[in-house]
1. With in contact with a helix residue (DSSP H, G or I) (Cβ under 6 Å, 6 or more places away or on another chain) and modelled with pLDDT of 95 or more as the only criterion, which of Val102, Val98 stands out?
2. Pick from Tyr81, Tyr48: which is open to solvent by 30 Å² or more (accessible area, probe 1.4 Å), of a type outside the set (S, T, N, Q), modelled with pLDDT under 90 and closer than 18 Å to Gly95 by Cβ?
3. How about region 50-91: which of its residues are over 19 Å from Gln106 (Cα atoms) and in contact with a Cys (Cβ under 8 Å, 6 or more places away or on another chain)?
4. Can you tell me which residue among Arg57, Arg65, Arg120, Arg71 is modelled with pLDDT under 90 and basic (Lys, Arg)?
5. Taking Ala22 and the conditions (1) modelled with pLDDT under 95; (2) under 15 Å from the mean Cα position of the chain (by Cα), which numbered condition does it fall short on, given that it satisfies the others?
6. Restricting attention to region 32-53, which residues are of a type in the set (A, V, I, L, M, F, W, C) and assigned to a strand (DSSP E or B)?
Amino acid sequence: AHDGTRPGPRAADAIRPTCIKAPRGPAPLACVLMIDVEVCLFNSLATYATPHDGRLRLRLPEGTRADALLRALGIPAGQVYAGWRNGRDIMTTFGGPVLPGVVLEQGDRIAFSGPIPFSRGYGAPVC
């Protein structure tokens, strides 16, 4: 993620392989390409990112889907009311599930929010 005060990541630093060796035997290394993403959690979901004030920088395997990210963070899908990837809506409906097949990419900024004050999810009427 780039905040304008420091240079962004170089292309050569973008996607790096992470290699792991099998626990036993002469099995070859298994290499997985990893991506870096920034995750922001708002309202009631911010508690899933403590002590990071709702912001996380994560290294994930390439091909990770947005719904898998929610599961990995331990966030029940029913608690997510809004979600964005790089500022674009990734929810089927307000308070619904994440669109199927949303695959995260290097440098993505993902945001999820719980019920928003003065919304139906918060119990307040919305016109």
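1. Values: Val98 fails: modelled with pLDDT of 95 or more.
Step by step, each of Val102, Val98 is checked, and only Val102 is in contact with a helix residue (DSSP H, G or I) (Cβ under 6 Å, 6 or more places away or on another chain) and modelled with pLDDT of 95 or more.
2. Selected residue: Tyr48, the only one of Tyr81, Tyr48 that is open to solvent by 30 Å² or more (accessible area, probe 1.4 Å), of a type outside the set (S, T, N, Q), modelled with pLDDT under 90 and closer than 18 Å to Gly95 by Cβ.
3. Quick first cut of region 50-91, residues over 19 Å from Gln106 (Cα atoms) only: 50-54, 71, 74-82, 91.
Result: Gly54, single match.
4. Working: Arg57 fails: modelled with pLDDT under 90; Arg65 fails: modelled with pLDDT under 90; Arg71 fails: modelled with pLDDT under 90.
When all the criteria are applied, what remains is Arg120.
5. (2)
6. Of region 32-53, the ones of a type in the set (A, V, I, L, M, F, W, C) are 32-35, 37, 39-42, 45-46, 49.
Listed by number, the residues that qualify are Val32, Leu33, Met34, Ile35, Val37, Val39, Cys40, Leu41, Phe42.
The values are calculated or read from the model by the stated rules, or taken from the named source; none is laboratory data. None of these values were measured; they are calculated from a predicted model. Because the Cβ atoms are built from the backbone with ideal geometry, glycine has one as well, and the counts that use them run over all protein chains shown. Side chains are part of the model used for accessible areas, which takes the heavy atoms of the whole protein and leaves out ligands, DNA and RNA. Shrake-Rupley method; radii C 1.70, N 1.55, O 1.52, S 1.80 Å.
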